[in-house]
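What follows is a single structure, written as structure tokens, with notes after it.
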Amino acid sequence: MIRFSRSYTTVAASICKSYNCIPGPKSYPLLGSVPNYFPLIGKYDPTNVVKSGIIKFHEFGPIIKESFFGQEIVFLYDPADIETLFRQGSNNRRSHITLAHIRKASQDHINGGILVENGPAWAQLRSGSQQALTSEAFEKYLPKFDEFTMRLIGKINSDKNTQKVLEKDFLLALNAHSCDSVCYMLFGSELDSINDVLNAEALTTKVIESAAYFNRMMATMDNGPMLWKKFPSQLYNKLKKCMDDVELIPKREVYSRMTNKSLANGPGILNSWIHEGVKESKTMITLLSDLLLAGIDTTSYTLAFVLYNLSVNKRVQDKLYEELRLIDPELKRRIPLSLETLSRATYLKRVVKESMRLYPVSVGTSRVLEEPCVIAGYRLPENTTVITMNQVTSRLDEYVDKALEFIPERYEANSGFRKIRPFTSLPFGHGPRACIGRRIAESSMYSFLFRLMRNYEIEWVGSKPLGFVTHSLTEPDAPLLFRFTPRDS
């Protein structure tokens with residue numbers, strides 16, 4: 001059966017255009033579209049997917065086809081077509097190819113993990129960890145997460161080591177805070193990673209830096225000619241070492257509890273699995289490593305852009321502060337945070353939503369069609385790889401009023417702004433394959449921002465406006481440099 005998008009029906013099947021007619025940049029023998037991204041001679045910047053995507057959108061329209069070393073990919077920009085992609089039901093994707101190859105060659109994993117697998121293997125892994133990552137499950141971790149946040153806030157402008165971190169790059173502090181929160185949620189471990197973040201030999205620093213490097217360079221490997229599958233390159237070997245480092249903590253924690261179950265008394269997903277009788281150490285190591293790899297950078301980068309947007313938009317920052325002050329009137333007698341408390345911070349949620357529209361951690365979502373589908377009038381065959389370009393779509397005036405401006409009020413009723421169509425912005429993906437940790441990630445970011453912005457006014461002191469680069473993830477293109485001024489009340 002062929003599915004159709006927009007107003008296309010089975011009657012119109014005969015007039016649908018061929019897959020080969022989908023427009024796109026010039027393609028070269030063997031290399032495909034790759035030369036279009038070469039420095040000096042190419043017109044597209046491979047490190048600025050958004051800028052390149054906007055150029056291609058205006059050149060070719062809302063559906064584009066490109067080939068990279070023989071791998072053809074269809075890119076979608078129009079929210080209506082993106083909706084069609086998700087409605088047709090394919091949950092498979094082409095992703096984390098390098099990670100899959102590393103794990104296939106390892107003795108420590110049964111399969112590629114939740115980031116890699118498709119079909120029944122993916123569904124089984126997903127169901128095994130879904131319940132532990134709901135917003136309700138987060139509530140039991142919230143007091144400890146809040147303690148970690150207040151510990152960091154207390155060190156700003158007072159602790160010498162923390163001050164060195166802030167002077168170098170506040171992203172280091174965000175990484176440390178994310179690592180502490182993720183490790184507590186996974187293992188029940190109480191760390192204080194910011195004390196070691198400038199020490200390259202510290203275990204948590206190795207994990208943080210290795211996860212960041214792997215996420216940064218994975219796209220280069222996955223989208224290249226993949227000769228490394230037969231002839232391991234220097235970069236491949238470095239990424240393999242990075243994954244070894246990311247797995248140091250999961251392996252230590254799993255093996256220690258498997259040999260001594262008394263260590264599993266306490267909070268943490270791993271401890272819950274042990275008490276539930278889970279005995280497959282390789283599955284636990286794989287899942288815990290996936291959550292660690294995916295959980296640190298994504299949260300840190302998202303918070304980085306939220307804080308930057310607040311630091312250069314005083315009106316928005318002042319309005320947010322007033323909301324938080326009404327909810328938590330006295331700094332010296334701060335209220336305990338709960339999901340109910342956070343639910344009252346409606347402007348805070350709009351601030352985060354608007355920042356993620358402009359700076360989602362991923363440019364879009366990929367799917368591999370499990371059956372033929374008609375999108376935008378073109379017949380796409382089974383097994384076509386399709387990528388949604390939501391970060392580009394969200395920055396186009398064709399789909400969003402004043403698209404490049406940071407305006408959280410656009411989500412309010414009667415705001416005067418055109419309502420943003422569903423599927424325009426999908427920072428957590430969509431459907432069964434959406435980010436498994438969405439609810440817990442949102443709640444942890446809300447709690448961190450609630451405390452930080454209630455206690456401090458922040459000002460951007462970087463030498464130029466902050467930009468971004470896109471690899472596998474979207475990350476800041478320069479150090480985060482803020483001035484923190486304590487609030488008096």
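The values are calculated or read from the model by the stated rules, or taken from the named source; none is laboratory data. Everything numeric in this text was worked out from a predicted model, so none of it was measured. Methodologically, a virtual Cβ is constructed for each residue, glycine included, from the backbone with ideal geometry; neighbour enumeration extends over all protein chains shown.
Scan segment 57-66 and tell me whether some residue there is touching a Ser or Thr at 6+ places or on another chain (Cβ under 7 Å), assigned to a strand (DSSP E or B) and either at pLDDT 90 or above or farther than 30 Å from GLY266 by Cβ (or both). Yes. When VAL392, VAL386 are checked against the criterion of being buried (at least 21 other Cβ atoms within 10 Å of the Cβ) and in contact with a Leu (Cβ under 7 Å, 6 or more places away or on another chain), a single residue qualifies: VAL386. Here SER256 fulfils each of the conditions (1) in contact (Cβ under 8 Å) with a residue 12 or more places away in the chain; (2) out of contact with any Lys or Arg (no Cβ under 7 Å at 6 or more places or on another chain) apart from (1). Between ILE440, ILE458, ILE407, the distinction of being closer than 27 Å to SER178 by Cβ, at pLDDT 95 or above and β-branched (Val, Ile, Thr) belongs to ILE458 only. Against the numbered list (1) part of a helix (DSSP H, G or I); (2) closer than 28 Å to MET226 by Cα, GLY42 comes up short only at (1). Residues in segment 258-284 that are of a type in the set (A, V, I, L, M, F, W, C) and farther than 25 Å from PHE428 by Cβ: MET258, LEU263, ALA264, ILE274, VAL278. Do we have any residue at all in segment 106-123 that's within 28 Å of ALA478 (Cα to Cα) and in a helix (DSSP H, G or I)? Checked segment 106-123: no residue is within 28 Å of ALA478 (Cα to Cα) and in a helix (DSSP H, G or I). For beta carbons closer than 8 Å, sequence separation of 6+ or different chains, a first residue in segment 296-309 that is more than 15 Å from THR149 (Cβ to Cβ) and a second that is outside any helix (DSSP H, G or I) and among the polar types (S, T, N, Q), the qualifying pairs are TYR301/THR474. Only a single criterion out of (1) without any contact (Cβ under 8 Å) to a residue 24 or more places away in the chain; (2) touching a strand residue (DSSP E or B) at 6+ places or on another chain (Cβ under 7 Å) is not satisfied by PRO360, namely (1). Can you tell me which residue within segment 299-339, out of those that are at pLDDT below 95 and part of a helix (DSSP H, G or I), is surrounded by the most Cβ atoms within 10 Å (Cβ to Cβ)? Only one residue fits best here, namely LEU339.
Applying the set (1) among the charged types (D, E, K, R); (2) surrounded by 18 or more Cβ atoms within 10 Å (Cβ to Cβ); (3) under 17 Å from the mean Cα position of the chain (by Cα) to ARG350 leaves exactly one unmet item: (3).
Consider ILE114 carefully, then state whether it is surrounded by fewer than 16 Cβ atoms within 10 Å (Cβ to Cβ) and in contact with a helix residue (DSSP H, G or I) (Cβ under 7 Å, 6 or more places away or on another chain). In short, no.
Scanning segment 386-414 for residues that are under 16 Å from VAL363 (Cβ atoms), touching a residue at least 60 places away in the same chain (Cβ under 8 Å), over 17 Å from the mean Cα position of the chain (by Cα) and in a loop (DSSP other than H, G, I, E, B) gives ARG395, LEU396, TYR399. Summed over segment 191-212, residues that are over 19 Å from ALA294 (Cβ atoms) and either in contact (Cβ under 8 Å) with a residue 60 or more places away in the chain or outside any helix (DSSP H, G or I) (or both) total 8. Please work out if LEU85 is in a helix (DSSP H, G or I), buried (at least 16 other Cβ atoms within 10 Å of the Cβ) and within 19 Å of the chain's Cα centre (by Cα). Here the answer is no, as LEU85 does not meet what is asked.
Looking at segment 259-277, which of the residues that are in contact (Cβ under 8 Å) with a residue 12 or more places away in the chain and closer than 29 Å to ASN215 by Cα is surrounded by the most Cβ atoms within 10 Å (Cβ to Cβ)? Across segment 259-277, the extreme among qualifying residues is LEU270.
The listed residues are ASP318, ASP244, ASP297, ASP290, and the only one of them that is under 26 Å from the mean Cα position of the chain (by Cα) and within 30 Å of THR346 (Cβ to Cβ) turns out to be ASP297.
Here is a yes/no grid of residues against (1) part of a helix (DSSP H, G or I); (2) without any contact (Cβ under 8 Å) to a residue 12 or more places away in the chain; (3) surrounded by 15 or more Cβ atoms within 10 Å (Cβ to Cβ):
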position	(1), (2), (3)
PHE148	yes, no, yes
ILE153	yes, no, yes
GLN163	yes, yes, no
LEU166	yes, no, yes
LEU174	yes, no, yes
TYR184	yes, no, yes
SER189	no, no, yes
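Restricting to segment 452-489, and then to whatever is among the basic types (Lys, Arg) and touching a Lys or Arg at 6+ places or on another chain (Cβ under 8 Å), can you tell me which residue is surrounded by the fewest Cβ atoms within 10 Å (Cβ to Cβ)? That would be ARG487.
Consider segment 47-70 and keep the residues that are among the polar types (S, T, N, Q) and over 14 Å from GLY24 (Cα atoms). The one that is surrounded by the fewest Cβ atoms within 10 Å (Cβ to Cβ) is THR47. For segment 303-311, the criterion of being among the aliphatic types (A, V, I, L, M) and over 20 Å from SER447 (Cα atoms) is met by none of the residues.
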